[in-house]
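Let me begin by presenting the structure, written as structure tokens, before commenting on it.
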Amino acid sequence: MNIIVCIKQIIDPEVPMSQFKIDPRTKRQVQGNNPLVISPYDANALEVAIKLKEKQGAKVTAISVGGATTIAALKSALSMGADEAILVNDPLLAGSDQQGIAHVLAKTICKAGAYDLILTGCESGDWADRAVPGFLAEELGIGYVGYVTRIEVKDGQVVVRRVVEDGYELIEAKTPFLAAISSDETNTARYAKLKDIMAAAKKMIPVWKAADLGLDLEKIGAGAARVEITDVYIPVKESRCEMIEGNTPEEKAANLAVKLREIKLI
């Protein structure tokens, strides 16, 4: 079985709010000294793939679209257990929207070779975007189910466990197939061992350009984006404290009631 896992490198979403800054020009989060990590749900997807590999044998390939720093995320995927990794890095892709990224991923997956199962995170950890998996499945013309937590392979088919409002449901599907993975106690991303980290550091990761993939230039880049980000900002919360005066507890309670009526809370 050949499994493709699409991962995205983002600024660690666990950074303190005091270190969270937005560039007003690019409308993007400023990295500064904040660490870069694999988007959490993508890490869950990678764990699902590696467990399938350990259980019944599979080849796991991690793919990412990003800049030069994304090599670190792909090396991390290799240290966790992925067999191969591919980076797509080209200035022509800057500003691509969700459909553009899905187009790039689809072309990359097709160039990488035969595949049976494609895994992504159910949403990105930075923008909480959930559109890329659906667009990717549409580009490839394959089946797709979101919010999957567990996957089993039986008789050439996959059985996925999907979270629903009041529990879960089991869905059988033929391969090739795409599943967007949600977190579950069974797919918490593992910590890589030191020897695996050292081995991954020595591996060469191919970097593909737009010209290598035969991309439709009308689908990529800022000029092709159908979604425009007009503003991104950090909400400002203001609070103030007002002391309620009174000579006795009863008087203070009465004054408090008057104040609450004034601001229409009671």
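The values are calculated or read from the model by the stated rules, or taken from the named source; none is laboratory data. Note that the structure is predicted; figures quoted are calculated from it, not measured. FYI the Cβ positions are ideal-geometry reconstructions off the backbone, even for glycines, and counts take in every protein chain you see.
At pLDDT 95 or above and on the phi > 0 side of the Ramachandran plot: which single residue out of G167, G141, G121, G156 fits that description? It is G141. Applying the condition of being exposed (fewer than 14 other Cβ atoms within 10 Å of the Cβ) and of a type in the set (D, E) to region 202-220 and asking which residue is nearest to L105 (Cα to Cα) yields D216. Set side by side, the residues A102, A131, A94 differ, and just one is within 30 Å of T69 (Cβ to Cβ), touching a helix residue (DSSP H, G or I) at 6+ places or on another chain (Cβ under 9 Å), surrounded by 19 or more Cβ atoms within 10 Å (Cβ to Cβ) and among the aliphatic types (A, V, I, L, M), which is A102. The single residue among E138, E54 that is part of a helix (DSSP H, G or I), closer than 30 Å to E185 by Cα, in contact with a Gly (Cβ under 9 Å, 6 or more places away or on another chain) and among the acidic types (D, E) turns out to be E54. Applying the set (1) in contact with a helix residue (DSSP H, G or I) (Cβ under 9 Å, 6 or more places away or on another chain); (2) among the hydroxyl-bearing types (S, T, Y); (3) more than 22 Å from E54 (Cα to Cα) to T230 leaves exactly one unmet item: (1). Counting only residues that are closer than 16 Å to V5 by Cβ and out of contact with any Phe, Trp or Tyr (no Cβ under 6 Å at 6 or more places or on another chain), how many does region 146-175 have? Final tally of qualifying residues: 8. Among the residues of region 212-232, those identified as part of a helix (DSSP H, G or I), at pLDDT below 95 and more than 21 Å from the chain's Cα centre (by Cα) are G223, A224. Each residue in region 69-89 was checked for being surrounded by fewer than 21 Cβ atoms within 10 Å (Cβ to Cβ) and assigned to a loop (DSSP other than H, G, I, E, B), and 4 pass. Scanning region 10-44 for residues that are small (G, A, S), in a helix (DSSP H, G or I) and over 18 Å from I71 (Cα atoms) yields one hit, S18.
Taken over region 1-57, residues that are of a type in the set (K, R), modelled with pLDDT under 95 and at negative phi amount to 4.
When region 178-211 is filtered for residues that are in a loop (DSSP other than H, G, I, E, B), acidic (D, E) and touching a residue at least 24 places away in the same chain (Cβ under 8 Å), only D184 remains. Taking the stated definitions as given, is K202 basic (K, R) and in contact with a Ser or Thr (Cβ under 9 Å, 6 or more places away or on another chain)? So K202 fails the test. Scanning region 142-169 for residues that are without any contact (Cβ under 8 Å) to a residue 60 or more places away in the chain, over 18 Å from the mean Cα position of the chain (by Cα) and assigned to a strand (DSSP E or B) turns up G143, E152, K154, Q157, V158, V159, V160, R161, V164, G167, Y168, E169.
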